[in-house]
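To start, the structure itself, in structure tokens.
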2 protein chains.
Amino acid sequence: MSLLEEKSQNTTPISQLGEFGLIDHLTKNNKLKNENTIKGVGDDAAVIDIGDKYQLVSTDLLVEGVHFDLGYMPLKHLGYKSVAVNVSDICAMNGDAKQITVGLAMSNRFTVEALDELYAGIYLACEHYGVDLVGGDTTSSTVGLMISVTVLGEVEKENVVYRSGAKINDLVICTGDLGAAYLGLQLLNREKEMFKENPTMQPDLTGNDYVLQRQLKPEAGVKYIKILKDLDIIPTSMIDISDGLSSEVLHLSKSSKVGITIHEDKIPVDYTTMNLANEFNMNPITCALSGGEDYELLFTISQVHYDKFKKDADFTIVGYVTDASEGNNFIAKDGTSHPLTAQGWDALKK
Amino acid sequence: MSLLEEKSQNTTPISQLGEFGLIDHLTKNNKLKNENTIKGVGDDAAVIDIGDKYQLVSTDLLVEGVHFDLGYMPLKHLGYKSVAVNVSDICAMNGDAKQITVGLAMSNRFTVEALDELYAGIYLACEHYGVDLVGGDTTSSTVGLMISVTVLGEVEKENVVYRSGAKINDLVICTGDLGAAYLGLQLLNREKEMFKENPTMQPDLTGNDYVLQRQLKPEAGVKYIKILKDLDIIPTSMIDISDGLSSEVLHLSKSSKVGITIHEDKIPVDYTTMNLANEFNMNPITCALSGGEDYELLFTISQVHYDKFKKDADFTIVGYVTDASEGNNFIAKDGTSHPLTAQGWDALKK
């Protein structure tokens, strides 16, 4: 037994693979042994057969300095967000979230009162989403705060939606609007920098409540899942938009072995987002494509349902599914077509 | 909305409460809403009704610099241990582990090859315990490595064992032996310090394989669960020994509203552990009571089963259950009785 860790001669930086490349690499030889494991790594949640229903399981980490900055993220909001982003993964499988466990590692700069704030947000989200906090682990860290949430959900077996079921000619639909969370983050970063330069300054965030809320207190798309249920529509594929529209389109098309074409002029962007993007000299469509953290849902449905979605403000038809040979394309407002590439947020490529 | 986090006037250090005090504090107003949530926070795993069976869910974090030191913990062992300690929680509920999710946060000093080593250990443990890796999250951290594992298990409803069922006059039984993992850690720390002083020195770990293995590659007590099943015995209460015998005795007695008396001369300690304790001028019984990380099982059974355990090397009767009014007591070899207090390992009190 070697006492000291042997240093490997081979040193491939993780940034070379990025998050999804790394996950593919680490799980390429993963074998599933239990017959009740229906779906392992590779979707928004794992799927386990529990008899009458499928259970959905997903884990998300939030790391200080990577996913949040306590300089402007109130702890109560952080607690809420850590639950909401996990519930979002259950929505993406067309399921209902039921339970969470919370793992917490924090340095000794955090007080009991600070954790009370964090948990106030966690409990608020549990109440809002009808989820039970059933367990977890609480420990110290050498530096910073790290929150690991695992969510358990349920779905009727016949209603589960994977990333892999999109069919040629399906409509591609996006809920809500995109890009706001990313611009909220830009705004908070700008105010933080200004505050550093002049600590007596009061931040002026007037008129930007919407983008700030989208960044600080995102909601999972449970209301959209309910609407789909009421309409008796089961999407052919679905994913939540956590890393930007481009990245999620590529996940759906890769898993479904199809191509997807989306239209710039269809991408839903709120007017506040639009105005703020202009103020930052950013293209709002770029924010929607690559910004991340919107936690909207992206799904595909058969064209027979077109009438039900053509005028609904909650749902926007942003494109359609093609044969895989056509690839993934972005049709700009001027009619030109461009291959769609992922430039979404990737914690491992920063 | 306040842009910058408001500093609270009240600052109670977390160390004042410790891990279990903090968990009690943070969950005292936790309300369970879903009828399929049978047991939330407060046992080795949460219990969820999935129809025919109960599902068991537990989350454990391992944080670099708190739970492990990569100076002597090979990454493959760390991967194995991170799964084993979670499977141990499922054993403590008398269940079978089935699936895990792994959340990983690591700084950019980790290479793809390092993660391959870590995952080799994770997969080895999955193979050994018949567990499927079904999901997780992989992200960067500003410093260090953090592993969050959530394990899902199953148990027949009539076989689930809580911490809360111990009855007066029950026997208290401990599996395997105690104190070795703690002494393994002392040995590794000593060799590390000597290596720092003289880097050309080769560590001499001869004869200490057992304690090193107990620290670096602990096993969950699945074999004991199988023996109990074969004997058709369901313990009245059970817990895994992760923080030292004292701490776990106090958990069982508190949850079961009883007292527990244990006898010094019954506590199982391996002869290697004994020898090494002498070398370190430590009391081996103190290592067993307060050392932690042994991942043995501590359980209570009715006295009618006495004959089945009185001569089994795998199981040691260490004490018995009394009325709560008698408290928790430690009977020393000289016959004197001492109140049992928890001085086990607590990451939040270090």
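In the stretch B:282-325, which trypsin sites (Lys or Arg not before Pro) are in a loop and have at most 15 other Cβ atoms within 10 Å, using DSSP for the loop call? Write out the running numbers ahead of the final one.
Numbers: sites: B:308, B:310, B:311; in loops: B:310, B:311.
The qualifying sites are B:310, B:311.
Of B:332, B:271, B:247, which is farthest on the positive side of the dipole of the stretch B:171-339, counting Cα position, with +1 on Lys and Arg Cβ, -1 on Asp and Glu Cβ, and the Cα centre as origin?
B:247
What percent do you get for the relative contact order of the stretch A:239-319 when only Cα pairs under 8 Å and 6+ apart count?
The normalised contact order for the stretch A:239-319 reaches 47 percent.
Go ahead and run the numbers for FRET between residue B:209 and residue B:281, Cβ-Cβ distance against an R0 of 30 Å, rounding to 0.05. Let's see the in-between values first.
Values: r = 22 Å, r/R0 = 0.74.
The value I calculate is 0.85.
Once you list every other residue whose beta carbon is under 11 Å from the beta carbon of residue A:248, what net charge do they have if Lys and Arg are +1 and Asp and Glu are -1? Don't skip to the end; give the middle numbers.
Values: positive: A:163, A:254; negative: A:44, A:240, A:243, A:294, A:296.
So the environment of residue A:248 carries a net charge of -3.
What does the copy distance list look like for residue B:304, label position 7 Å along Cα→Cβ, in nm and ordered from shortest?
Ordered by increasing distance: 6.1 nm.
Starting at the first residue of the stretch B:95-111, write each ³J(HN,Hα) from the Karplus equation 6.51 cos²θ - 1.76 cosθ + 1.60 with θ = phi - 60°, in whole Hz, x for Gly and Pro.
Rounded to whole hertz, the list is x, 10, 6, 10, 9, 9, 10, 10, x, 10, 10, 9, 6, 6, 6, 8, 9.
Choose one of A:91, A:27, A:40: the residue whose Cα lies farthest towards the positive end of the charge dipole of the stretch A:1-128 (beta-carbon charges +1 Lys, Arg; -1 Asp, Glu; about the Cα centre).
A:27
What does the average come to when, for each residue of peptide B:108-115, you count the partner chain Cβ atoms lying within 10 Å of its Cβ?
Working: counts 5, 2, 3, 8, 13, 6, 7, 6.
Per-residue shielding by partner chains comes out at 6.
Go ahead and set up a Gaussian network model of chain B, Cα springs under 10 Å, then flag whichever of B:231, B:75, B:276 fluctuates most.
Comparing B:231, B:75, B:276 in the GNM, the peak value goes to B:231.
For residue B:137, which sequence-distant residues (separation of 5 or more, or a different chain) have an amide H within less than 5 Å of its own amide H, given hydrogens modelled in the peptide plane?
B:102, B:103, B:104
Return the average number of partner chain Cβ atoms within 10 angstrom of each residue Cβ along peptide A:33-39. Display every interim value, and only then the final one.
Numbers: counts 8, 10, 0, 6, 7, 1, 2.
The per-residue average across the peptide is 5.
What list of whole percents do you get for P(r) of the protein assembly as shown, with Cα-Cα distances grouped in 20 Å bins up to the one holding the largest distance?
Bin by bin from 0 Å, the calculated values are 17, 49, 27, 6, 0.
According to a simple spin-label model (label point 7 Å from Cα along Cα-to-Cβ), what is the distance in nm between residue A:11 and residue B:49?
Result: 5.6 nm between the two label points.
From the label point of residue A:271, set 7 Å along Cα to the beta carbon, how far off in nm is each other copy's matching point, shortest first?
Copy-to-copy label distances for residue A:271: 8.6 nm.
With the Cα gyration tensor of the stretch B:171-339 giving a ≥ b ≥ c as the square roots of its eigenvalues, does the rule (a/c under 1.5 for rounded; else a/b larger than b/c for prolate; else oblate) give rounded, prolate or oblate? Please list the in-between numbers first.
Values: a/c = 2.42, a/b = 1.75, b/c = 1.38.
Since a/c reaches 1.5 and a/b is larger than b/c, the shape of the stretch B:171-339 is classed as prolate.
Where is the GNM fluctuation largest for chain A (alpha-carbon springs, 10 angstrom cutoff): A:272, A:139, A:206?
In the Gaussian network model the winner is A:206.
Long-range amide H contacts for residue B:170: which residues qualify at under 5 Å (H placed 1.01 Å from N, peptide plane, sequence gap of 5 or more or a different chain)?
Sorted by chain and number, the residues that satisfy this are B:321.
Rounded to whole Hz and in sequence order, give me ³J(HN,Hα) for the stretch A:296-306 from the Karplus expression 6.51 cos²θ - 1.76 cosθ + 1.60, θ = phi - 60°, writing x for Gly and Pro.
These are the phi-based 3J(HN,Hα) values: 7, 10, 10, 9, 10, 9, 5, 4, 4, 8, 3 Hz.
Pick from A:212, A:70, A:185: which is most flexible by mean-square fluctuation in a GNM of chain A where alpha carbon atoms under 10 Å apart are linked?
Among A:212, A:70, A:185, the largest mean-square fluctuation in the Gaussian network model of chain A belongs to A:70.
What are the chymotrypsin sites (Phe, Trp or Tyr not before Pro) within the stretch B:248-339 that DSSP puts in a loop, where the Cβ has at most 16 other Cβ atoms within 10 Å? Working shown, then result.
Details: sites: B:271, B:280, B:295, B:299, B:306, B:309, B:315, B:320, B:330; in loops: B:280, B:295.
Counting only loop positions with at most 16 other Cβ atoms within 10 Å, the chymotrypsin sites (Phe, Trp or Tyr not before Pro) in the stretch B:248-339 are B:280.
Between residue B:158 and the same site in the other copies, what are the distances in nm, shortest first, taking label points 7 Å from Cα along the C-beta direction?
Taking the point 7 Å beyond Cα along Cα→Cβ, the inter-copy spacings are 3.4 nm.
So, with +1 on the Cβ of K and R and -1 on the Cβ of D and E, and no other charges, what is the size of the charge dipole of the stretch B:171-339 about its Cα centre, to the nearest 20 debye?
Working: 15 positive and 25 negative charges, 59 e Å.
My answer is approximately 280 debye.
Given 0.36 nm per residue, what is the gain on full extension from residue B:257 to residue B:28 after removing their alpha carbon distance, in nm? Please list the in-between numbers first.
Working: separation 229, 0.36 × 229 = 82.44 nm, distance 1.83 nm.
In short, 80.6 nm is gained.
I want to check the label-to-label distance for residue B:35 and residue A:196. Put each point 7 Å from Cα in the C-beta direction and report it in nm to one decimal.
Reported label-point gap for residue B:35 and residue A:196 is 5.5 nm.
Please get the size of the charge dipole for the stretch A:36-159, origin at its Cα centre, with Cβ charges of +1 on Lys and Arg and -1 on Asp and Glu, quoted in debye to the nearest 20.
In total the dipole reaches around 220 debye.
In µm²/s, what is D for the stretch B:153-250 at 10 °C and 1.306 mPa s, where D = kT/(6 pi eta Rh) by Stokes-Einstein and Rh is the Kirkwood radius from Cα pairs?
Details: Rh = 16.4 Å.
Translational D for this selection: 97 µm²/s.
What is the set of long-range amide H partners of residue B:178 at a cut-off below 5 Å, with H atoms built 1.01 Å from backbone N?
Residues meeting the amide H criterion: B:269, B:270.
To the nearest 20 Debye, how big is the dipole of the protein assembly as shown about its Cα centre, given +1 on the beta carbon of each Lys and Arg and -1 on that of each Asp and Glu? It would help to have the intermediate numbers written out before the result.
Details: 60 positive and 100 negative charges, 8 e Å.
Computed charge dipole of the protein assembly as shown: roughly 40 debye.
With the contact rule set at Cα under 8 Å and sequence spacing of 6 or more, what percent relative contact order holds for the stretch A:36-159?
Working: 249 pairs, mean separation 46.4, N = 124.
Value for the stretch A:36-159: 37 percent.
Using each residue's phi in the stretch B:39-54, evaluate 6.51 cos²θ - 1.76 cosθ + 1.60 at θ = phi - 60° and report the 3J(HN,Hα) Karplus result to the nearest Hz, with x for Gly and Pro.
Along the stretch B:39-54, the couplings run 9, x, 5, x, 9, 5, 8, 6, 10, 10, 7, 10, x, 5, 10, 9 Hz.
Under the definition of partner shielding as Cβ atoms of other protein chains within 10 Å of a residue Cβ, what is the mean value for peptide A:66-76? It would help to have the intermediate numbers written out before the result.
Numbers: counts 6, 3, 0, 1, 2, 3, 5, 2, 6, 3, 1.
Rounded to a whole number, the mean comes out at 3.
Mind running the shape call on chain A? Use the C-alpha gyration tensor, a ≥ b ≥ c as the square roots of the eigenvalues: rounded below 1.5 for a/c, prolate if a/b tops b/c, oblate otherwise.
Numbers: a/c = 1.39, a/b = 1.12, b/c = 1.23.
Rounded shape, in that the Cα axes give a/c under 1.5.
Considering Cα pairs under 8 angstrom that are at least six residues apart, work out the relative contact order of chain B and quote it in whole percent. Present the calculation step by step, with values, prior to reporting the outcome.
Values: 717 pairs, mean separation 74.8, N = 350.
Answer for chain B is 21 percent.
The numbers here are math on the coordinates, done by the rules we state, and not lab data. All figures in this text were calculated on a predicted structure; none of them were measured in a lab. Positions of Cβ are backbone-derived with ideal geometry, glycine not excepted, and every protein chain shown enters the neighbour counts.
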